[in-house]
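Below is one structure, written out as structure tokens; the observations come after it.
No value in this document is a laboratory result; all are computed from the given coordinates. Fair warning: this is a prediction, and the values are worked out from it, not measured in the lab. FYI the Cβ positions are ideal-geometry reconstructions off the backbone, even for glycines, and counts take in every protein chain you see.
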């Protein structure tokens, strides 16, 4: 869908094509780096383009000389009030007011689709996020990554990608055996045993009590005193299933539902790691070798052992990595490699959302995906987004953990206290890789310093204004938009940036940019609203001027539309009253 920025990008491209036809630019000039964006200083104009700066070398001329040729043609455009050259060759444009009026109409016409893009070209993107071990309920350690991943998936869909939201269930390995033993203890408790203090090494949280009760009801007492080898596999499968049911329910409280759940245990049963090893050996990407001794003081019990090693140094890693342990079992990396091989076969691009503590594994898994993609004769773009932990606070003081859940605050407890929207928006108010605090007192404050309130209040304020106007018999209309003045058109200029913000955020894989943008848009709206407190002629509702009121109401309605579209990407509701 064409918007103001895409229209002027097309206009610049047309001018460049004309210059190419005239011989001022060489035939086949690459316009890929040409950008049309707001100038850094709004006083310089409405739009700016770097066309002359990035094309001068191809044109074998200096940027200012090329800019002069471009400006001559742009000044003939009826929608451009002026085109001026700044500095070494940047071009600043000022548009006529009607150009911005047309953008208000475009927002109204496109409605919920305003800002949507086709830049993704239906590319199938797998976004894997959360993927917490199924050994307990969702807690704060998972929450930020869950929100970041889900908002990114929404953003990519809005930008024209075919998105698969995936959860990788880590249901193989020692931690699920511990879960099974912990569930068995609660099973015995449900059958009447006094279990006393939870033994060291088992999961202590009360969240396993319902699992034990369920198992007692389903299985009776036949495994109460049975040896572990008889019940471990059964309890492992049942406990994982019950914990995943709870995890899915907890995520749903945040508005998060995955399309695909992939099991690590099923990956092993299907022999995928062995398949990956066979393929990698056939392509000389795995060999049998001996790992270097650990750096620093070598442990006394260290022995050189021959292991199958992936040639990750070929792809930028600092050493080759084992895919199997000395006991023949698969390393986590070996299983993860097979899992990503499976994903790469089914997708055009991969994105993983990981905790910051996994930073050390990025090189090797990227190397693995690069190798597997190369073997499949294609390129698989693969991004890993790291998410820092969140420090929980209450009124500036670190929050004590929940005894009810073991040693953490659950996601459900958070949502119950402050609501889904507050949790989601707050998690996107900083870059994922930056440290952040979540203060239960501050995130519900009704103030400018609370971004989620500030943005939702802008939307609610717009709806309140429209309701009040309707009660007075006044309705929004696009028939008199020419009456809008410079202050109102400044709001349009900011709203018109939404489509390019969507594309830029999708390209960078950074959904938090939309939260930042909405805060700026809400700030501009509130500033204009407050202007009306000092200047009655700037109020949205002017009972003595129905035409100007209808135009301002129409503008307000479209600003509300942009806020709604942005909040939808973030998974936050656009409330109509507060």
message: With the cut-off at 1.5 for a/c, could you classify region 173-306 from its C-alpha gyration tensor as rounded, prolate or oblate?
response: prolate
- request: Using only the alpha carbon atoms of region 112-216, find the Kirkwood hydrodynamic radius as the inverse mean reciprocal pair distance, in angstroms to one decimal.
  value: 16.6 Å
statement: Long-range share for region 417-471, i.e. C-alpha pairs more than 19 Å apart as a percent of all pairs, stands at 37 percent
query: What FRET efficiency comes out for the pair residue 319/residue 31, r = Cβ-Cβ distance, R0 = 45 Å, nearest 0.05?
result: 0.55
query: Can you give the angle from 0 to 90° between the axis of helix 546-570 and the longest principal axis of the chain, with both taken from C-alpha atoms, to the nearest 10?
result: 20 degrees
query: By its C-alpha gyration tensor, with a ≥ b ≥ c as the square roots of the eigenvalues, how is the chain shaped: rounded for a/c under 1.5, else prolate for a/b larger than b/c, else oblate?
result: oblate
statement: Here the FRET efficiency for residue 437 versus residue 22, based on Cβ atoms and R0 = 60 Å and rounded to 0.05, is 0.55
task: Give the Kirkwood hydrodynamic radius (Å, one decimal) of region 66-173, defined as one over the mean of 1/r across all pairs of different Cα atoms.
output: 18.4 Å
message: What are the equivalent ellipsoid semi-axes of region 4-95, built from the alpha-carbon gyration tensor (square roots of five times its eigenvalues), in whole angstrom, biggest first?
response: 20, 14, 12
statement: Rounded to the nearest 10, the angle in degrees between the Cα long axis of helix 362-375 and the longest principal axis of the Cα atoms of the chain comes to 80 degrees
- request: Taking the chain as the reference, fit the longest principal axis to its C-alpha atoms, fit the long axis of helix 498-508 to the helix C-alpha atoms, and give the angle between the two in degrees, 0 to 90, nearest 10.
  value: 40 degrees
message: Quick check: the distance between the Cα centres of region 227-241 and region 256-326, to the nearest angstrom?
response: 28 Å
Relative contact order, percent, region 243-312 [alpha-carbon distance under 8 Å, six or more residues apart]: 24 percent
field: Shape call, region 447-570: gyration tensor on alpha carbons, a/c limit 1.5
entry: prolate
- request: Compute the FRET efficiency between residue 58 and residue 376 as 1/(1 + (r/R0)^6), taking r as their Cβ-Cβ distance and R0 = 35 Å, and round to the nearest 0.05.
  value: 0.50
query: Can you sort 198, 290, 353, 169 by how many other beta carbons sit within 10 Å, fewest first?
result: 290, 198, 169, 353
message: Could you check the spin-label model distance between residue 389 and residue 526? Points 7 Å from the Cα along Cα→Cβ, value in nm.
response: 3.2 nm
- request: Tell me the label-point distance for the pair residue 217, residue 399, using the 7 Å Cα-to-Cβ offset, in nm and rounded to one decimal.
  value: 3.1 nm
- request: Calculate for the chain the 222 nm mean residue ellipticity that helices alone would give, adding -39,500 (n - 2.57) per DSSP H run of length 4 or more and normalising by residue count, nearest 500 deg cm²/dmol.
  value: -15500 deg cm²/dmol
- prompt: Label-point separation (nm) for residue 445 and residue 226, each offset 7 Å from Cα along Cα-to-Cβ?
  reply: 5.7 nm
- line: Fewest to most Cβ atoms within 10 Å: 529, 330 sort as 529, 330
- request: Can you grab the distance from the C-alpha centre of region 107-129 to the C-alpha centre of region 524-549, Å, no decimals?
  value: 34 Å
field: Alpha-carbon Debye profile of region 524-578, log10 I(q)/I(0) at 0.14, 0.15, 0.19, 0.28 Å⁻¹
entry: -0.46, -0.52, -0.76, -1.11
- prompt: When the gyration tensor of region 174-253 is built from Cα positions, what are the square roots of 5 times its three eigenvalues, in whole Å, from largest to smallest?
  reply: 20, 14, 13
